[in-house]
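Shown next, in structure tokens, is the structure this report addresses.
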Amino acid sequence: MNTLTESLEAYVRAMPKVELHVHLEGSIRPETLLELAARHRVELPARTVDELREWYAFRDFDHFVEVYLAAAGCIRTPADVERIAADFLEGQAAQNVLHSEVTYTASTQRMLSGIPLDDQLEAINRARAAAERDHGVTMSLTIDYPRHLDPDEFVGVAHWAVDNMERGVSALGLGGPEVGYPPELFERAFAVASEAGLPSVPHAGETEGAESIRGALRALDAVRIGHGVRCLEDPELVAELRDRQIPLEVCPTSNVCLGVAPSFGEHPLPRLLDTGLYVTLNSDDPPMFGTTLTDEYLKAAAAFGLGAGDVRDLVVRAAEATLLPPADKATLLERVRQGFEALPKSTPLS
Ligand SMILES: [Zn+2]
């Protein structure tokens with residue numbers, strides 16, 4: 001892996017950013033998790049922050065699911081939900097992430113903690129309002145549903161998501177194990193969303209191939225694809241995604257951890273870019289994969305020789321692919337433009 005010039009590293013750290021694919025429950029800080037576990041007397045396999053960091057770090061998929069569920073299981077009250085959302089937004093603000101579209105699995109939280117969906121959303125919205133006021137950063141929610149659960153229950157969740165489009169819900173998502181659970185199973189939930197004008201943003205083409213992405217486009221009317229990197233296995237699909245400029249939410253470190261790419265240096269990001277696909281860069285479950293959005297930019301710049309112009313283009317593309325109402329999107333694009341303009345002029349521009 002190449003090293004970055006100091007000025008490019010400083011540029012990436014300081015530049016304004018936009019994130020489209022990051023999970024709220026996958027972003028819980030180890031420190032916060034330890035605190036919540038102590039408060040609710042939940043046994044975790046670690047007692048100190050250092051031990052917890054070690055346990056948190058990615059080993060394999062089964063371990064990842066264990067960590068994910070243990071973390072989600074420490075969220076017991078609306079105040080906990082507000083706390084993780086506030087932590088998350090503080091972390092985004094520290095990276096100069098101006099706007100985040102955040103995936104949240106409200107139905108799993110309801111199953112684990114019994115907190116009603118409305119109370120969860122209200123808690124997140126308290127954190128959202130505080131972050132906008134205190135840090136000037138915004139967020140909206142992609143409400144997703146795990147594929148291995150009940151498609152009928154998902155229809156109910158979709159109705160709830162639609163009812164909350166004025167309260168911060170900006171998309172309907174689909175997560176969980178992709179293999180064995182094709183998009184077509186969830187057509188009814190996404191039809192509810194589509195009828196109400198709530199955009200469809202499913203995961204597809206991560207651990208499954210081109211058929212899954214095609215299913216997401218055809219059966220779920222996807223306007224963006226979570227991951228989508230395996231589209232490269234099918235030239236016809238690549239042509240369609242390129243012609244329609246469907247944004248892909250690419251998360252390289254996550255792909256390496258989950259074995260979708262053998263290493264960061266071998267990640268297909270450069271091929272996706274060279275093919276003319278609409279690429280955005282994202283962090284997915286940052287502390288669990290030992291990354292941040294800033295790290296994804298730094299690592300991509302170092303591994304693939306991206307310059308300041310390239311990283312700026314990626315940020316602008318992410319801003320343009322947000323699901324914000326037109327006036328808010330124009331405001332975000334202007335903030336991004338001004339943010340780049342304010343960066344030191346000595347910085348190389350390509
Ligand atoms: Zn994801």
*Using only the Cα atoms of segment 88-204, build the gyration tensor, take square roots of its eigenvalues as a ≥ b ≥ c, and label the shape rounded, prolate or oblate: rounded if a/c is under 1.5, else prolate if a/b is larger than b/c, else oblate.*
prolate
*Evaluate the chain: find the radius of gyration of its Cα atoms, find its Kirkwood radius, and give the ratio Rg to Rh.*
0.94
*Unit charges on C-beta of K, R, D, E only; dipole of segment 114-161, Debye*: 240 debye
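Once you have a ≥ b ≥ c as the square roots of the Cα gyration tensor eigenvalues for segment 55-145, tell me rounded if a/c is under 1.5, and otherwise prolate or oblate according to whether a/b is larger than b/c. Let's see the in-between values first.
Values: a/c = 2.05, a/b = 1.30, b/c = 1.58.
Because a/c hits 1.5 or more and a/b fails to exceed b/c, segment 55-145 counts as oblate.
Stokes-Einstein diffusion coefficient for segment 1-125 at 4 °C in a medium of 1.567 mPa s, Rh from the Kirkwood formula over Cα pairs: what value in µm²/s?
Working: Rh = 15.9 Å.
Estimated diffusion coefficient is 81 µm²/s.
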*asked:* In the chain, if the dipole is taken from +1 on Lys/Arg beta carbons and -1 on Asp/Glu beta carbons about the Cα centre, which of Val311, Ala196, Leu248 is farthest to the positive end?
replied: Val311
*Most fluctuating residue given options Thr77, Thr142, Thr253, as computed from a GNM of the chain linking Cα atoms under 10 Å*: Thr77
*asked:* Using +1 at the C-beta of Lys and Arg and -1 at the C-beta of Asp and Glu, which of Gly265, Ser7, Leu172 has the Cα lying farthest in the positive direction of the dipole of the chain?
replied: Ser7
*Please build a GNM for the chain, connecting alpha carbons under 10 Å apart, and tell me which residue among Val67, Val201, Val229 fluctuates the most.*
Val67
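Rounded to the nearest 500, what is the chain's calculated 222 nm mean residue ellipticity when only DSSP H runs of at least 4 contribute -39500 (n - 2.57) each, over all residues? Working shown, then result.
Working: 16 runs with 179 residues, N = 350.
Dividing the helical sum by the residues of the chain leaves -15500 deg cm²/dmol.
Hey, got the dipole for segment 1-87? About the Cα centre, +1 on K and R Cβ, -1 on D and E Cβ, debye to the nearest 20?
Numbers: 10 positive and 16 negative charges, 45 e Å.
Dipole about the Cα centre, nearest 20: 220 debye.
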*Stretch gain in nm, segment Leu343-Arg59, where the contour uses 0.36 nm per residue and the Cα spacing is subtracted*: 98.5 nm
*Among Pro325, Pro146, Pro247, determine the one that fluctuates most according to a GNM of the chain built with springs between C-alpha atoms less than 10 Å apart.*
Pro325
*What is the dipole size for the chain, taken about its Cα centre, with +1 at each Lys and Arg Cβ and -1 at each Asp and Glu Cβ, in debye to the nearest 20?*
780 debye
*Taking Cα pairs under 8 Å and at least six residues apart, what relative contact order does the chain come out at, in percent?*
20 percent
*Report the full-extension gain for the segment Ala196 to Arg39: residue separation times 0.36 nm, less the Cα-Cα distance, to one decimal in nm.*
52.5 nm
*asked:* Using all alpha carbons of segment 208-350, what is the percent of pairwise distances in each 10 Å bin, ordered from the shortest bin to the longest?
replied: 11, 39, 36, 13, 1
*Please report the Cα spread of segment 168-256 along all three principal axes, rounded to whole Å, starting with the longest.*
33, 27, 25
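Can you check what the net charge comes to around Pro326, using other residues whose Cβ is under 14 Å from the Cβ of Pro326 (Lys, Arg +1; Asp, Glu -1)? Provide the component values of the computation, followed by the final result.
On the way: positive: Lys329; negative: Glu320, Asp328, Glu334.
Surrounding charge for Pro326 is -2.
Values quoted throughout were computed directly from the atomic coordinates according to the rules given, and no laboratory measurement underlies them. Small disclaimer: the values here were computed from a predicted structure and weren't measured. A quick note on method: Cβ atoms are made from the backbone with ideal geometry, for glycine too, and the neighbour counts reach across all protein chains shown.
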